[in-house]
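Heads up, the thing below is written out as structure tokens.
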Amino acid sequence: MGAVRRRLRTRLAGPLLAAAVLVAPGRALACAVCAAGETNNRAEFILTTAFMTALPLLLVGGVVLYLRARARRVHGAPPSPTSALEEPRRVA
Amino acid sequence: MAETVPSHPPAPEEGHPHHEEMSFWSKYIFPLDHKMIGMQYLFTGIAMAMVGGFFAYTFRMQLAFPGIEVPGWGLVSPADYNALVTNHGAIMIFWVAMPVLIAAFGNFLIPLMIGCDDMVFPRINRLSYQIFFLSVLVLIASFLVEGGAFGGAWTAYPPLSAKAEYSLTPLGSSLWLLAVALEFVAFLLGGINFITTAMNSRAPGMKMYDIPIVVWMIVLASIMFMLSVGPLVAGAVMLFFDQQLGTGFFDPARGGDPVLWQHLFWFFGHPEVYVVLLPAMGIVAEIITVFARKKLFAYKTVLYTAFGTGILSFTVWAHHQFVAGIDPRMAHIFTITTLLISVPIAEMCFVYIATLYGGSIRLTTPMLWALAFIAEFLIGGVTGIFLGASGADIYFHDSYFVLAHFHYTFFPIAIIGFYAGITYWFPKMFGRMLDDRLGKIHFWGTIIPFNGIFLPLFILGLAGQHRRIYNYEHFPELATPELQALRVLATVSLLVMLGFQLVFLVNFVRSLRRGEKAPQNPWKANTLEWQAPSPPPHGNFATLPTVYRGPYEYSVPGRAEDYWPQNAPE
Amino acid sequence: MIERLVASASSYAPDIDGLILLIAVLVGFWFLLTEAVFFWLILRFRARDGQRAEYITGEEKSQKRWITIPHLLVLVCDIFIVVGAVRVWYEVKQHLPEAQQTVRVIGQQWAWSFVHPGPDGRLDTADDIKTVDELHLQKDVTYHFELTSRDVLHSLSIPVFRLRQDAIPGRVIRGWFRPTKTGVHDFQCAEICGIGHGIMAARVIIETPDEHAAWMAEHAPTTSLAAAAVR
Amino acid sequence: MGKVVALPVRPRREPLLPNGVLGMLLFVLAEIMLFAGLISAFLVVKGLAVEWPPVGQPRLPVEETAFNTGALLLSGAALAWAQARFRRAPSTALRPVLLAVALGGLFVCFQGVEWVGLVREGLTLRSSTHGSFFYLIVGLHALHAVAAILALGWAALRLAEGRLRQDTFASVQLFWYFVVGLWPILYWQVYF
């Protein structure tokens, strides 16, 4: 799992940075289109978009971390072969 | 409510199969056995697919030959047309793809493939099907009520769907919404069952990386479904209140916001695509490895890409709203995430293609379907890039291009995936073999016309034509004879394809009764379901198996046989 | 490639077409290559008597290369596409050039109404010209549009402009276009809006300055008395 | 490829979390997303309004509800206490469980009283989006509270009979903690 996260982090970091850069000047521009939409709930839309996008990932992440911690607690430091979330151990 | 007492005790060490005889009702109508519940989902799904197919036939006839009396339906009025396309979409996604790919295969396969006797909550499992069946009844009722069936597209954007004076279907739209909501509850219960079973009931020795890919995929799909469905249920309740209790959640005149629904809908709607995609991908993985006699190329990579898809799928949904009046700046982020999600999906396809290398490929009927899945899904995948790129989506949004694109994803998922799975597991499900010759006729008779239907629609989309327009004669400039000819080509292809589905039905029914008796492991496969009798009795295994190795150990050097069942000690 | 099917009549239509072409080339190349490899593998590795499949785990670095390199290349192509898409999107939707004229577009079940500024060039004055299902524009003039809806969602979609924008009741959405070719073109509502959705057709009529002036002179509520009375 | 590990043959694996608890946990996750959707919708609509609460609509009774909130939180604490006693001697847990049920019941009843008052003041489901959201969100929470109270009551009954299993109790608790834990968030978002 650690490897996945690391890979995802490196893979996601670039695009997310780019996204931040793209959005930031947009805000500074205060372009006419954004103003002409003339709805006062734009901020809420963006906020809830971010919130709803992040929440499921946080929930799943939280549960997975909790289960890992529990697996460690129940089965001791090296997880036993029958625990649900152990790393595979290949006997050469 | 959580059910903690299993309805029947865990199988004893040996000599399990003699269960007392059950009555017809408790065996077929109110079963607790996961296999029978899977069958119920399967047959309901097939029946609904026929309904959805009939709808497609009706409105495609109208599009090709506007104004004719469609045999079997009659004159297609604009209201009919809207109701037909709406319900075709809803049925094919919610009442065919979901029940067949997730519920039917999930129910049948998960306990068998992880080597246990049943789901952990058999009664919740039964309840899940009953709620699903109720949703089917409610959906059918929505056609019969006064005012007619709902016709506001499967996305049900308010205010059209919220107010009877706009939609002109005061009851139809509420019943439709109720049916969809019930269906979600059914799959939520089913999904909880799948995840818990796969976590807690695996056979001894079966580690994380010994679980067959298809089980992983169904479990991941269930997790994604579970986490994405909540906001849509919230939205459905709000919309229902708007329709029936006169609230104004989505009514701009009363302080509501119509775009809010799109927000809630697509939050579910996009992960839903991957919810049905992943199980189909899993089915293909099983079949390709068996018939190429190859170990799956980079098992872990497939898992990681599936995880990645799952994570990214929650971050792409607003690409459906590029031109819907959202903040234009948001489009940039969602373009990036949408194109990013092409990476894990592409990688998954590469893995499957790489698995073929060095194989010993047998082109049996299930293998043909699995290979066709990859070939056709690639078209759906690459055309998605056009739509995910915000600048190009300005032109393609809501056009036939979109329609052709998602049929190139959903058809492989729901139909090709289903045929791949059913032809592969039929011997296990029913204890008899399907006829291979008829199966191949059916395969070619489906795949060739399928391309004939949807390739022309890409061209219509490029020409700027829109979906959901019941008669293009009103647009003389857009509806040139050449473009009309393409529409006719699509319709004729559809007729041919539907005709060939009869071959499958004949094959299915005939094999069910008179097919050759299936041996326990006709394909010489490794996974645990093939180590149970065909068909497996209630309780599945005579002795609960112990697992010694991963599911894809084919053609291991130095062994006499080219397969190595997961539960074989040596 | 789209021009062969639909005329291109706005200043940004060539950019959108170019983007689509770019995607088509990048994606088409990978698509064809993948399918070719796929079918070659199927033909090459058909089952033969007495020949077993190879045992390849795909977990070793030297083997994994075969999928990691293509997937990195996909990522590179994605970056090109993202850059192109963002540029076009910014030009069409996010930035708003100075307007020479503004038209108002109102969707309702099941017709489009257009409000053109009259000879005085401003909206909401007495000489506004209101039309139903006919949008009169002058070539080479930058227009802003104010898009709204009276009842349900509609979508203004003008294929020759490569433009699409949903109309939302209770909101006014502003955008722009600049017609570059004269002609008469059909367009349609692109968001399902009830049983009349299929007949919600309209036409955009792009005229030369002379033609446009003539049309305006003919249709403007000319009574200068009325205009004076309002003032 | 010598991955042949002699493993002990057991009829079933020991689960990390008992079936009932895991199932309930998953259900609660889905419920969290449901309420997340509702709260998001509420914020979006609230953001659209020029004035909140809308003109002519009553302010929500923040102070009275604070008392309610206290009762609900206490009931959560009572249940945690019950769990601690259950672990030592199951029979001693009955009284705290009943206390939790009673406090939960108090919460629901007070909410009912409050609703009657609000309806009198002119806040109804149809009077404004404010009213619609209030009754929808708070009502849905109340519905969950009632369901959870029934479940707790059932658990108390089993406990009195001495037939309550730890995992069953844990899954019922989990649902109640969800109901309790959700409330302060709704209170903070909807009332203020």
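Data table
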| read-out | value |
| --- | --- |
| Meets criteria (at pLDDT below 95, farther than 22 Å from residue B:47 by Cβ and surrounded by 22 or more Cβ atoms within 10 Å (Cβ to Cβ)) for residue B:483 | no |
| Condition broken by residue B:120, with the remaining ones in (1) over 27 Å from residue B:247 (Cβ atoms); (2) surrounded by fewer than 24 Cβ atoms within 10 Å (Cβ to Cβ); (3) within 9 Å of another protein chain (Cβ to nearest Cβ) satisfied | (2) |
| Number of the condition not met by residue B:256 [criteria: (1) more than 7 Å from every other protein chain (Cβ to nearest Cβ); (2) not in a helix (DSSP H, G or I)] | (1) |
| Enumeration of residues in the stretch C:152-195 that are touching a Pro at 6+ places or on another chain (Cβ under 7 Å) and more than 7 Å from chain B (Cβ to nearest Cβ) | C:176, C:187 |
| Selection count, the stretch B:292-350, where residues are small (Gly, Ala, Ser) and under 20 Å from residue A:55 (Cα atoms) | 5 |
| Unmet criterion (only one of (1) in a helix (DSSP H, G or I); (2) over 23 Å from the mean Cα position of the chain (by Cα)) for residue C:55 | (1) |
| Residue within the stretch C:50-58 that is within 7 Å of chain B (Cβ to nearest Cβ) and touching a Pro at 6+ places or on another chain (Cβ under 7 Å) present | yes |
| Residue in the stretch C:169-185 that is farther than 15 Å from residue C:114 by Cβ, surrounded by fewer than 20 Cβ atoms within 10 Å (Cβ to Cβ) and among the polar types (S, T, N, Q) present | yes |
| So residue B:434, is it crowded, with 24+ Cβ neighbours inside 10 Å and not aromatic (Phe, Trp, Tyr) | yes |
| Any hit, the stretch B:328-338, residues being within 10 Å of chain C (Cβ to nearest Cβ), surrounded by 24 or more Cβ atoms within 10 Å (Cβ to Cβ), outside any helix (DSSP H, G or I) and of a type in the set (D, E, K, R) | yes |
| Residue tally, condition surrounded by fewer than 24 Cβ atoms within 10 Å (Cβ to Cβ) and among the hydrophobic types (A, V, I, L, M, F, W, C), over the stretch B:313-323 | 1 |
| Answer from B:53, B:106, B:115 - the residue that is modelled with pLDDT of 95 or more, surrounded by 23 or more Cβ atoms within 10 Å (Cβ to Cβ) and closer than 30 Å to residue B:226 by Cα | B:106 |
| Which numbered condition residue B:77 misses (of (1) closer than 21 Å to residue B:176 by Cβ; (2) at pLDDT 95 or above) | (2) |
| Test: residue C:16 is in a helix (DSSP H, G or I), within 7 Å of chain B (Cβ to nearest Cβ), surrounded by 20 or more Cβ atoms within 10 Å (Cβ to Cβ) and touching a Lys or Arg at 6+ places or on another chain (Cβ under 8 Å) | yes |
| Pairs where the first residue, in the stretch C:111-123, is at pLDDT below 85 and the second is of a type in the set (D, E, K, R) and part of a strand (DSSP E or B), C-beta under 6 Å, 6+ apart | none |
| Given (1) within 13 Å of another protein chain (Cβ to nearest Cβ); (2) of a type in the set (Ser, Thr, Tyr); (3) buried (at least 23 other Cβ atoms within 10 Å of the Cβ); (4) part of a helix (DSSP H, G or I), index of the condition residue B:166 fails | (3) |
| Scope the stretch B:229-250; condition of a type in the set (Gly, Ala, Ser) and more than 7 Å from every other protein chain (Cβ to nearest Cβ); matching residues | B:236 |
| Filter result for residue B:133 (under 19 Å from residue B:193 (Cα atoms), modelled with pLDDT of 95 or more, surrounded by fewer than 24 Cβ atoms within 10 Å (Cβ to Cβ) and of a type outside the set (S, T, N, Q)) | yes |
| Complete set of residues in the stretch B:21-76 that are closer than 28 Å to residue B:117 by Cα, outside any helix (DSSP H, G or I) and more than 27 Å from the chain's Cα centre (by Cα) | B:21, B:22, B:23 |
| Subset of the stretch B:309-322 (residues that are part of a helix (DSSP H, G or I) and either within 11 Å of chain C (Cβ to nearest Cβ) or without any contact (Cβ under 8 Å) to a residue 12 or more places away in the chain (or both)) | B:311, B:319, B:321 |
| Options B:134, B:84, B:42: the member that is of a type in the set (A, V, I, L, M, F, W, C) and under 26 Å from residue B:274 (Cβ atoms) | B:42 |
| Selection within the stretch D:127-146 - assigned to a helix (DSSP H, G or I), in contact (Cβ under 8 Å) with a residue 24 or more places away in the chain and of a type in the set (Gly, Ala, Ser) | D:131, D:142, D:145 |
| Checking residue D:124 against (1) loosely packed, with under 14 Cβ neighbours inside 10 Å; (2) not in a helix (DSSP H, G or I), the condition it does not meet | (1) |
| Number of the condition not met by residue C:80 [criteria: (1) aromatic (Phe, Trp, Tyr); (2) at the interface with chain B (Cβ under 7 Å from one of its Cβ atoms); (3) in contact (Cβ under 8 Å) with a residue 24 or more places away in the chain] | (2) |
| Subset of the stretch B:444-484 that is of a type in the set (S, T, N, Q) and touching a helix residue (DSSP H, G or I) at 6+ places or on another chain (Cβ under 6 Å) - its residue that is farthest from residue B:410 (Cα to Cα) | B:471 |
| Filter result (more than 7 Å from chain C (Cβ to nearest Cβ), under 28 Å from the mean Cα position of the chain (by Cα) and not in a helix (DSSP H, G or I)) within the stretch B:466-493 | B:467 |
| Single condition residue C:120 does not satisfy, out of (1) charged (D, E, K, R); (2) in contact with a Leu (Cβ under 7 Å, 6 or more places away or on another chain); (3) away from chain B (no Cβ under 11 Å) | (2) |
| Which numbered condition residue B:376 fails, given (1) more than 28 Å from residue B:88 (Cα to Cα); (2) charged (D, E, K, R); (3) more than 7 Å from chain C (Cβ to nearest Cβ) | (1) |
| Residue satisfying all of: in the stretch D:159-175; closer than 20 Å to residue D:91 by Cβ, buried (at least 16 other Cβ atoms within 10 Å of the Cβ) and not β-branched (Val, Ile, Thr); farthest from the other protein chains (Cβ to nearest Cβ) among these | D:159 |
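The values are calculated or read from the model by the stated rules, or taken from the named source; none is laboratory data. These numbers were taken from a predicted model, which means no experiment stands behind them. FYI the Cβ positions are ideal-geometry reconstructions off the backbone, even for glycines, and counts take in every protein chain you see.
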